[in-house]
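Participant: Below are the structure tokens for one structure; questions will follow.
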Amino acid sequence: MTANTIKPSFAVIGHPVAHSRSPAIHSAFAQQTGIILQYDRLEAAPASFETTVADFFANGGQGLNVTVPFKERAWQLAQANLSTRALLAGAVNTLWSSPSGLHGCNTDGVGLVRDLQRLGLLGSAPRVLLLGAGGAAKGVIGPLLDVACEHLHVANRTAARAQDLRLAWLTQRPEDKARLSASGLTDLPNMHWDLVINATASSLQGEAPELPEGVYREHTRAYDMMYGSNPTAFLQQAQAHGVTQSADGLGMLVEQAAESFWIWHGVLPTTTPVIEAIRRQMQVAVR
């Protein structure tokens, strides 16, 4: 292969990373837009994440998507060149390099909001209950508030963690104080929730968060950031309580990847056909 035919190199880095669908997603984007690239999976041992990232870019790599458990460490690596979204989220899932050093952005929240809008689950000025207070939740607070949520409440099994997340956010954006609240799962405010979002990892264990009665009411919608070939435990729980509008996080995965693609290439791909194609692949895999 000559220098003129070398494909720009991109990858998803994580531990483990063999299950990642990012190569298929970015390959579909590349085919759609006519952009030539190579996109791989990059396994990194926890002790050598920083070295693996440095070697990737030193050897000509142009962009990395970062998945668990490295998003906070990627944030540290890109401290000198963080986007506003990444700065607020405290986590990075997209890295690229320039003469000024390593750059980092967080596209998770943008991906979530775009998928909610695509599905018609967001509505206008909704009251949103966000379950979980880990990195997944932190990365989506800003974009959810920015689409004019009337109220966003973070609830976590450990109330102190949810409250700490709220306080940390308000140190950066105190103007959100009246619209952002937090509590444990058992002491939710008496409010009608238009949308309940699961940002916990409970669905990975085949479990649903233990929610008090009254969370789901008529017209409440549900969204799980996790995804699978079958409805997640959280979605099954919501449907058992009468929820008729719900979705898993496959669309969020593709939408956040599209935002990364735009950052790297300056082109925003069309996501719906890619979401549908990945969904078909998942369904075929379980037959």
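Participant: Within segment 168-177, is there a residue that is touching a Ser or Thr at 6+ places or on another chain (Cβ under 9 Å) and more than 20 Å from residue 72 (Cα to Cα)? I'd like the intermediate steps shown before the answer.
Facilitator: First, the residues of segment 168-177 that are touching a Ser or Thr at 6+ places or on another chain (Cβ under 9 Å): none.
No: segment 168-177 contains no residue that is touching a Ser or Thr at 6+ places or on another chain (Cβ under 9 Å) and more than 20 Å from residue 72 (Cα to Cα).
Participant: What number of residues in segment 192-210 are out of contact with any helix residue (DSSP H, G or I) (no Cβ under 7 Å at 6 or more places or on another chain) and assigned to a loop (DSSP other than H, G, I, E, B)?
Facilitator: 6
Participant: Could you please find all residues in segment 228-237 being touching a helix residue (DSSP H, G or I) at 6+ places or on another chain (Cβ under 6 Å) and surrounded by fewer than 21 Cβ atoms within 10 Å (Cβ to Cβ)?
Facilitator: Hits for segment 228-237 are 229, 233.
Participant: Out of all the residues in segment 16-37, is one or more of a type in the set (Phe, Trp, Tyr), part of a helix (DSSP H, G or I) and either within 15 Å of the chain's Cα centre (by Cα) or not assigned by TED's automatic domain parsing to the domain that holds residue 148 (or both)?
Facilitator: There is at least one residue in segment 16-37 that is of a type in the set (Phe, Trp, Tyr), part of a helix (DSSP H, G or I) and either within 15 Å of the chain's Cα centre (by Cα) or not assigned by TED's automatic domain parsing to the domain that holds residue 148 (or both).
Participant: Looking at (1) at pLDDT 90 or above; (2) assigned to a loop (DSSP other than H, G, I, E, B); (3) more than 24 Å from residue 281 (Cα to Cα), which is the one condition that is false for residue 227?
Facilitator: (3) is the only condition that residue 227 fails.
Participant: Being in the same structural domain as residue 160 (by TED's automatic domain parsing) and in contact with an Asp or Glu (Cβ under 7 Å, 6 or more places away or on another chain) is true for just one of 223, 227, 216. Which residue is that? Show your work before the answer.
Facilitator: Numbers: 223 fails: in contact with an Asp or Glu (Cβ under 7 Å, 6 or more places away or on another chain); 216 fails: in contact with an Asp or Glu (Cβ under 7 Å, 6 or more places away or on another chain).
Going through 223, 227, 216 in turn, just one is in the same structural domain as residue 160 (by TED's automatic domain parsing) and in contact with an Asp or Glu (Cβ under 7 Å, 6 or more places away or on another chain): 227.
Participant: Under the condition of being at pLDDT 95 or above and within 22 Å of residue 249 (Cβ to Cβ), which residue from segment 147-156 is surrounded by the most Cβ atoms within 10 Å (Cβ to Cβ)? It would help to see each step written out before you state the result.
Facilitator: Step one: of segment 147-156, the residues at pLDDT 95 or above are 151-156.
Pick out the ones that are also within 22 Å of residue 249 (Cβ to Cβ) and you get 152-156.
On the way: 152: 23, 153: 22, 154: 24, 155: 27, 156: 24.
Only one residue tops the list, namely 155.
Participant: Here is a follow-up. Is one or more of the residues making up segment 44-62 closer than 22 Å to residue 254 by Cβ and within 20 Å of the chain's Cα centre (by Cα)?
Facilitator: No, segment 44-62 contains no residue that is closer than 22 Å to residue 254 by Cβ and within 20 Å of the chain's Cα centre (by Cα).
Participant: Looking for whichever is touching an Asp or Glu at 6+ places or on another chain (Cβ under 8 Å), free of Cβ contacts under 8 Å to residues at least 40 places away in the same chain and at positive phi here; the options are 206, 242. Which one fits? Lay out the reasoning, then the answer.
Facilitator: Working: 206 fails: touching an Asp or Glu at 6+ places or on another chain (Cβ under 8 Å).
Residue meeting the stated conditions: 242.
Participant: Continuing with this model, one more query. If I ask for residues that are among the hydrophobic types (A, V, I, L, M, F, W, C) and either surrounded by 12 or more Cβ atoms within 10 Å (Cβ to Cβ) or in a strand (DSSP E or B) (or both), which ones from segment 169-191 would you list?
Facilitator: First, the residues of segment 169-191 that are among the hydrophobic types (A, V, I, L, M, F, W, C): 169-170, 178, 180, 182, 185, 188, 191.
Correct list: 169, 170, 180, 182, 185, 188, 191.
The values are calculated or read from the model by the stated rules, or taken from the named source; none is laboratory data. Everything quoted here is computed from the prediction, not taken from an experiment. For neighbour counting, all protein chains shown are included, and Cβ atoms are generated from backbone atoms with ideal geometry for every residue, glycine included.
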